[in-house]
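What follows is one structure encoded as structure tokens, with my remarks underneath.
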Amino acid sequence: MKALKIVNAQIPCFEDNTWKVSDILVDEGKIVKLGTVTESAQVTIDAEGKIVSPGFIDIHAHEDSINNKEFPFFTAECALRMGVTTQAAGNCGESADDLGDFCQYIQRNGSPVNYVMFVGQNSLRHKAGALDWYKATEPAQLDRMKKMLEECLEFAPVGLSCGFEYEPGVTAEETIRLAEVFGGDNHVISVHFRRDGEGSKESIDELAYIQRETGLAMQMSHIGSCSATGYMNEALSVLRGYREEGVDIMADCYPYNAFCTGIKTAVFDDGCFEKWNKSYEDLLITDGKYKNQRCTEELFHELRKGDEDVRVVAFVMNDDEIEEAYRQPFVMVGSDCGYTNGGGHPRGAGTFPRVLGKLVREKKVISLIDALRKMTIQPAERLGLQYKGAIREGMDADLVIFDPETISDRADFLTPSLPPEGIDYVVVNGRIAVKGNELIDGRSGRYIRHQRI
Ligand SMILES: [Zn+2]
């Protein structure tokens, strides 16, 4: 008997922008039959009135540390509850200390979601001894970085991630030399760009230059946090211009008007509040001894000088600019999730339901099928995931069953990991992982090796 049958499923067809009703038969982790399924299965779910979507693919995620014993897979479990079945992790220049350890840990133990991994440029810099954020690497350090990246290829990462804003000393040339290790084939380079706001245009020019020089697919990270401070229209038109010239550049975005990062990072260097036209009180401290307090000038300087890089949420972006980003066919949904000891930004538990509830149902910014495209087939194609992102026979059985009338996010800045409403089931590799908000199986995810096509 086959493992799972879903009947009366309403499925998005991205090729022709339509919906079809079908049964789905699942066995051994794969979708084995569509259409009318008469044979019985060990488990049958009636999805009448619900949408059955391919599992959401989060093209911009940060992985949990496998060494965190107190909160193992906290971030990934929150992701799973909001319908994410695959994460592209290791973003913004920061990735697992040891990709081999991470890969082997997941191969041995499983994980809540599937992972494809970026290798972070800044992580390589630190391991090579380039510890000054404001300085370019020495040639010998860059050689060490290239060697370490070559060693990572054994574990088939999807590409390189960069966090220029965090390490202003990184040059485009360093990045181009490092990217040579991938040999210019179908890998991806994911970049958290150099300067927010008024620096948007030059920052995008730099990404286009790197794309042309490396041949890698350029994924601009979280365009909302970079440009939704009065510069979105300009940023989008620069991107459109480059795309028309044949530059392979796309972007991702999370649906919140605030970003979250460490207070000691270069993001909060002198001039940041002037650049955003905001003040100290627009920061919310999310961990450490001032957790859930608004910042003040005094606290800001105390925390900047402190030993611990306390995470803060910065309310500096505009909702209408984020909506404009999602209207663009080249902007996908990416959460930028990543909790530290259970604290952080609600995007890690709310991004995908928030787009479907707030932006699709309530504000009608984009259609349901366009939103799902940005969460499934588009990131699957971008990341080279041939067996994910669509419901077809032979594809991996990663599925989300949700009610389009009720799906919504509940996590907020004071309760950032609260699960969403309206998701009935999440299936990962053919196994029911979430039922209601209950986690049933948090170890059916796999490590996905990037395929060189
Ligand atoms: Zn980032």
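Every number here is computed from the coordinates shown, using simple stated rules; none is lab data. Please read these numbers as outputs of a predicted model, since none were measured by experiment. Methodologically, a virtual Cβ is constructed for each residue, glycine included, from the backbone with ideal geometry; neighbour enumeration extends over all protein chains shown.
Key figures
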quantity	calculated
Region 19-109: Rg to Rh, with Rh as the Kirkwood radius over Cα pairs	1.08
Charge-dipole axis of the chain as Lys and Arg at +1 and Asp and Glu at -1 on Cβ define it, positive-most pick from Thr171, Ser408, Val191	Ser408
Sum of side-chain charges, Gly215 neighbourhood, beta-carbon under 13 Å (Lys, Arg +1; Asp, Glu -1)	-3
Alpha carbon convex hull of region 53-153, volume per residue in cubic angstrom	112 Å³
Cβ-based exposure ranking for Thr85, Thr171, in which fewest neighbours within 10 Å come first	Thr171, Thr85
Region 318-371, Rg to Rh (Cα coordinates; Rh as Kirkwood inverse mean 1/r)	1.01
Convex hull volume per residue in cubic angstrom - Cα atoms of region 111-217	113 Å³
Proximal charge balance of Gln104 [Cβ under 12 Å; K/R count +1, D/E count -1]	-2
Shape category assigned to region 259-316 from the gyration tensor of Cα positions, a/c cut at 1.5	prolate
Region 231-286: C-alpha gyration tensor shape, a/c 1.5 cut-off, then a/b vs b/c	prolate
Ordering of 240-253, 28-41, 137-150, 334-347 by packing [mean C-beta count within 10 Å, highest first]	334-347, 240-253, 137-150, 28-41
Whole-percent pair-distance distribution, where bins are 5 Å wide, for the alpha carbons of region 222-262	6, 21, 27, 23, 13, 7, 3, 0
Nearest-20 debye value, region 259-316 charge dipole, Cβ charges on Lys, Arg, Asp, Glu	180 debye
Geometric extent, Cα atoms of the chain - Rg, Dmax (angstrom)	21.1, 68
Computed log₁₀ I(q)/I(0) - Debye formula, equal Cα scatterers, no solvent, region 323-453, q 0.13 Å⁻¹	-0.60
Taking Leu383, Leu25, Leu414 and counting other C-beta atoms within 10 Å, the order from fewest to most	Leu414, Leu25, Leu383
Extension gain (nm, one decimal) between Phe413 and Glu297, 0.36 nm per residue minus Cα-Cα	39.7 nm
In region 259-316, lysine pairs with alpha-carbon atoms under 19 angstrom apart (chain gap of 8 or more, or interchain)	7
Gain on full stretching of the segment that runs from Asn68 to Tyr105 - 0.36 nm per residue minus C-alpha separation	12.0 nm
Simple Cβ-charge dipole of the chain, Lys/Arg +1 and Asp/Glu -1, about Cα centre, in debye nearest 20	960 debye
Sparse-neighbourhood loop sites, trypsin sites (Lys or Arg not before Pro) in region 358-429 - DSSP loop, at most 14 other Cβ within 10 angstrom	Lys363, Lys364, Arg392
Spin-label pair Glu244/Ser367, simplified geometry with 7 Å Cα→Cβ offset, distance in nm	2.5 nm
Positive dipole terminus of the chain, leading residue within Ile45, Pro72, Leu131 (C-beta point charges)	Ile45
Positive minus negative residues near Lys146 (Lys, Arg vs Asp, Glu; Cβ under 14 Å)	-2
